[in-house]
Amino acid sequence: MKLLQEKIQAEGIVLSDQVLKVDSFLNHQIDPQLMLAIGKEFVSRFAQDQITKVLTIESSGIAPAIMTAMLLNVPLLFARKQKSLTLQNNVYVEQVHSFTKQVTNEITVSKKFLEEGDKVLIIDDFLAHGEAAFGLAKIVRQAGAEVAGIGIVIEKSFQNGRAKLDDAGFRVESLARIKSLTDGQVRFVEDSAV
Ligand code: 5GP
């Protein structure tokens, strides 16, 4: 997605060869017009899939996911990162390790809001090692629902998450695909500016 690539080039900060900071439009301050354009792009890619629910993880997935859900006219559900909920039996729980933050979170979704027969579109801000996406997909499967696809705003294609999701048979649609972050430069996978 060209608009997103331009925004990343203009405002993204390369923190290391592994980590990109985009706090001016996605991870702290949010650009609503860009989020709307992102929502439209996800909808154009998943319009034929009879999605019944959009699922993301708090907090940075919520902005692109709410736009997508609004345009698809379905609810948005977000997984929470609250550890204290695990003693309850009315939630689905999965472990998600964050390589960027070096912590393992338990993510939870209330059983009330996901059910067998749901066709779920998973959305997240970044794809790195695939931990968050796999955790969300496992929750969908715990509910007996179906993962219709996974929509990613920024994929770091040089990390292994994309390959793992492809190998597991998921349909992944990433709006910006980053080939490398070396030398302080963002380089995109060549054919990704559609
Ligand atoms: P994964 O679970 O695929 O390993 O990592 C994805 C999650 O980690 C995303 O939800 C995002 O919050 C965070 N993340 C991973 N890499 C980056 C990065 O380069 N920049 C930012 N801002 N977040 C990242």
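Here are the numbers for the structure shown:
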| item | result |
| --- | --- |
| Scan of the range 105-149 for residues that are farther than 19 Å from SER60 by Cβ and within 14 Å of the ligand (Cβ to nearest atom), ordered by number | LYS138 |
| Subset of the range 154-194 that is of a type in the set (Val, Ile, Thr) and over 18 Å from the mean Cα position of the chain (by Cα) - its residue that is modelled with the lowest pLDDT | VAL194 |
| Residue list for the range 37-72, restricted to those being among the hydrophobic types (A, V, I, L, M, F, W, C), part of a strand (DSSP E or B) and under 16 Å from ILE154 (Cβ atoms) | ILE57 |
| Residue count for the range 135-161, restricted to those that are buried (at least 21 other Cβ atoms within 10 Å of the Cβ), of a type outside the set (Gly, Ala, Ser) and more than 18 Å from GLN5 (Cα to Cα) | 5 |
| Matching residues in the range 1-36 - criterion: being away from the ligand (no atom under 13 Å from the Cβ), among the charged types (D, E, K, R) and either in a loop (DSSP other than H, G, I, E, B) or within 16 Å of ALA128 (Cα to Cα) (or both) | ASP31 |
| Qualifying residue in the range 74-84 (condition: within 12 Å of the ligand (Cβ to nearest atom), more than 17 Å from LEU114 (Cα to Cα), assigned to a loop (DSSP other than H, G, I, E, B) and of a type in the set (S, T, N, Q)) | no |
| Residue match in the range 98-108 (condition: buried (at least 20 other Cβ atoms within 10 Å of the Cβ), under 23 Å from ILE154 (Cα atoms) and touching a residue at least 60 places away in the same chain (Cβ under 8 Å)) | no |
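The values are calculated or read from the model by the stated rules, or taken from the named source; none is laboratory data. The model shown is predicted, which means the values in this text are computed figures rather than measured ones. In this analysis, Cβ positions are derived from the backbone assuming ideal geometry, glycine residues included, and neighbour counts consider all displayed protein chains.
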